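Visitor: Provided herewith is a single structure, encoded as structure tokens, for subsequent inquiry.
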Amino acid sequence: MKIGTWLSVAAAGCAALVGFGAGVWAAGSKKIVVTPPEEVKFSPFDPKDTEGKGPSAALVFGSMKKKVPTGLLIKFPPDVRTGPHTHTSDDFGVIVKGTMHNFAPGDEGKGIGPGGTWMQPGKVVHDNHCEPGSECLVFVYFAKGFDFKPAKAAKAAAK
């Protein structure tokens, strides 16, 4: 097995174990929860995106609406950019598939592939880009819950 393939499998396994373990712990359940890949349900971040042209997410644990620890699997179509934005919480990403960029606007830098990680401090303006060629899949953990604030709105709120 190639090192890149092994890292991809290891990253996906770690993300799933951490995500599902935290979800089971948070729920106080004594049941093991397993979701095969074909049963993972992704929903677009933008409800108007009926053609799947933008990022979509599957909730692994937590809540999309409450400020609780939240883990998401996020899919990005090839060559998609989110646009500059912030999150209230620090977030931690693990690339499962594809080549992703997580960067300060204007400085895209080198992409990271499967097994690569990022730590993005909360309230720091950044952008994301999935390189052309194949979709990207990323596990992202938000310790203080998920939110998404376009950079212009975030700057206006700070004034």
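Every read-out reported here was derived from the displayed coordinates using simple, explicitly stated rules and does not represent laboratory data. What you see is a predicted model, and the numbers here were worked out from it, not measured in a lab. Ideal geometry is used to build each Cβ from the backbone, glycine not excepted, and the neighbour counts take in all protein chains shown.
Visitor: Would you order 32, 112, 74, 95 from fewest to most other beta-carbon atoms within 10 Å of each residue's own beta-carbon?
Guide: 32, 112, 74, 95
Visitor: Just how far, in whole angstrom, is segment 50-84 from segment 103-120 if you go by their alpha carbon centroids?
Guide: 17 Å
Visitor: Checking the cross-link filter: which lysines have an alpha carbon closer than 23 Å to that of residue 75, excluding same-chain neighbours under 8 positions apart?
Guide: 41, 48, 53, 65, 66, 67, 97, 110, 123, 144, 149
Visitor: Calculate the FRET efficiency for residue 32 and residue 117 from the Cβ-Cβ distance with a Förster distance of 41 Å, rounded to the nearest 0.05.
Guide: With a Förster radius of 41 Å, E is 0.95.
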